[in-house]
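Visitor: Take this structure first; my questions come after.
The values are calculated or read from the model by the stated rules, or taken from the named source; none is laboratory data. Not measured: the values here are computed from a predicted model. All Cβ positions, glycine included, derive from the backbone under ideal geometry; neighbour counts span all protein chains shown. The accessibility values were calculated without ligands, DNA or RNA, using every heavy atom of the protein model including side chains. Shrake-Rupley method; radii C 1.70, N 1.55, O 1.52, S 1.80 Å.
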Amino acid sequence: MDYRSRKIDIQNKNIMEFIRQLAVGEFLIPTFQRLFVWDPEHIRNLWDSVYRCYPIGSILYWKTRTPLHIHRKLGGFYLPESGSSDRPLRSYILDGQQRATSLLSSFYGGTGKVREQFSFDFTLYFDLTKAEFFFEKDYYKHRWEVDSAFLIRLNEALDLPADYCRRLAPLPGCTESVDKNFEQLRYVFTDYSIPLIGLEGFDIAGICGIYERINQTGIRLSNMDILIARGFKNYATVVEEDFPIS
């Protein structure tokens, strides 16, 4: 392809808007990407960084009129193939799959795949008394220490009234920090942004080359990962096998 048609677009996207776009399939994962490899501690640390307004890095994606016939599911969760079947451009994540999958799966919750675990519950909570994120498996551990009203499911935080903590005042363990923690949690949902870098004007071979180069730092690609990226073909008749997780 003509190098003069290649474009790089950078924009800041609100974290909730990005998560909702993931949920309706506006961003997909090409199959030359590795599988989802993050464990629960990675996911918890990611949200802790968001909560502290630390940067979590940019998301690099490819905008193209060439629809890939197969793509990966996000963390074992089934998503629409795209928001609209007649959409002229589709977006495939090249760098940031682990973070995007983690944000989506933990916000909406439910079971998916973490490495070889097929039944891990990604549902994430926030403990207002400790300013701490935790998963469903640890809910009753926290419940032993504080009233359940202090334990907020992540996707319910924005639906709670702004004066929610005032109602918690009579409960044991309610301190001034509870109100501050709640305010900070709501703040990141409305004001935290993630840089999105969009690439246009690249063919599949060029995109596979970019993917190989950007993944030689961090969790390095294995030799097999590199071979898959280099040998990727957009075959219309090939269907990726996946696991039927509800």
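Visitor: Which whole-number value in Å² is the accessible area per residue of the range 124-189, probe 1.4 Å?
Guide: On a per-residue basis, the range 124-189 sits at 56 Å².
Visitor: Largest first, what is the accessible-area ranking of THR129, THR190, THR123 with a 1.4 Å probe?
Guide: Descending order: THR190, THR129, THR123.
Visitor: Something else about it: If GLU26, GLU156 are ordered by their accessible area, calculated over protein heavy atoms with a 1.4 Å probe, which sequence runs from highest to lowest?
Guide: Correct descending sequence by accessible area is GLU156, GLU26.
Visitor: Could you report the accessible area of GLU212 in Å², rounded to 10, computed with a 1.4 Å probe on the protein chains as they sit in the structure?
Guide: Its heavy atoms expose roughly 40 Å² to the probe.
Visitor: Over the heavy atoms of CYS53, what accessible area does a 1.4 Å probe trace out, to the nearest 10 Å²?
Guide: Accessible surface of CYS53 is approximately 70 Å².
Visitor: State the extension gain, in nm to one decimal, for the chain segment bounded by LYS130 and ARG6, taking 0.36 nm per residue of separation less the distance between their alpha-carbons.
Guide: Contour length minus Cα-Cα distance gives 39.9 nm.
Visitor: DSSP loop (so not H, G, I, E, B), at most 11 other Cβ within 10 Å: list which trypsin sites (Lys or Arg not before Pro) in the range 114-180 pass both filters.
Guide: Counting only loop positions with at most 11 other Cβ atoms within 10 Å, the trypsin sites (Lys or Arg not before Pro) in the range 114-180 are ARG115.
Visitor: Here is a further query. Looking at this model, which pairs from LYS137/LYS180; LYS13/LYS141; LYS63/LYS137 are more than 30 angstrom apart at the alpha-carbon?
Guide: Too far apart for the 30 Å limit: LYS13/LYS141; LYS63/LYS137.
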